[in-house]
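Structure record follows, encoded as structure tokens.
The values are calculated or read from the model by the stated rules, or taken from the named source; none is laboratory data. Note that the structure is predicted; figures quoted are calculated from it, not measured. Neighbour counts run over all protein chains shown; Cβ positions are idealised from the backbone, glycine included. For the accessible areas, the whole protein counts, side chains as well, though only heavy atoms, and no ligand, DNA or RNA atoms are used. Shrake-Rupley method; radii C 1.70, N 1.55, O 1.52, S 1.80 Å.
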Amino acid sequence: MIKLFKVKEKQREIAENANGRAPVKKQTAGELRLHKDISELNLPKTTTITFPKGKDDLMNFEVTIHPDEGYYLGGTFVFTFHVPSIYPHEAPKVKCKTKVYHPNIDLEGNVCLNILREDWKPVLNINTIIYGLNHLFTQPNHEDPLNSDAAAVLRDNPKMFEANVRRAMAGGYVGQTFFPRCVYLQAVRQSANKGLPP
């Protein structure tokens, strides 16, 4: 019976090719689910999504977050998403391309978000992850850190943490670590008006 299905599918492909149409690439279940997730995206106004390799590779894309409140106001943070073929049974691999001083994102770009690890369930989707990433910028969590130094400063001295974030986002050193600039000029002016270090 299985061989019969394969023969029929091959005949259909040959007929489509004879009609001048390109052969249809069969999509994996993960690709089908991802198409559904992308078509239903309801992005926050602070977030954009791009597909650097175009429509031929929807399984790899970038999400850019521009926080409009909190410690990271005015910054630009880019995350890469690699969606496995067995999605949604396995969570996407998400990394932060922007070097950031953050308790839940380490200097290599690894992200500490529970729904990307132990709390992932197939009912979750790309939209859920994007909202989770946005939440990391409005509510950084010192209790579940990847960058323990940043977490300790956030816990013990929130004012110093805020100054460190501003210094890192403006392009400077925090301790021995250099952070490239990732902040809009307007946000630097706003922080200067508040008396914060640029």
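Here Lys26 is the anchor, and the aspartates and glutamates within straight C-alpha reach of less than 12 Å, apart from those fewer than 8 places off in the same chain, are Glu9, Glu13. Entry for the range 49-198 at q = 0.11 Å⁻¹: log10 I(q)/I(0) = -0.43, Debye formula applied to identical alpha-carbon scatterers, no solvent contribution. This model, with +1 at the C-beta of Lys and Arg and -1 at the C-beta of Asp and Glu, gives the range 38-146 a dipole about its Cα centre of some 280 debye. Taking 26 Å as the limit for the C-alpha separation, the pairs Lys36/Lys93; Lys55/Lys99; Lys45/Lys159; Lys36/Lys99; Lys45/Lys97; Lys93/Lys159 exceed it in the case of Lys55/Lys99; Lys45/Lys159; Lys36/Lys99; Lys93/Lys159.
In this structure the range 105-156 gives 50 Å² per residue of accessible area when probed at 1.4 Å with all protein chains present.
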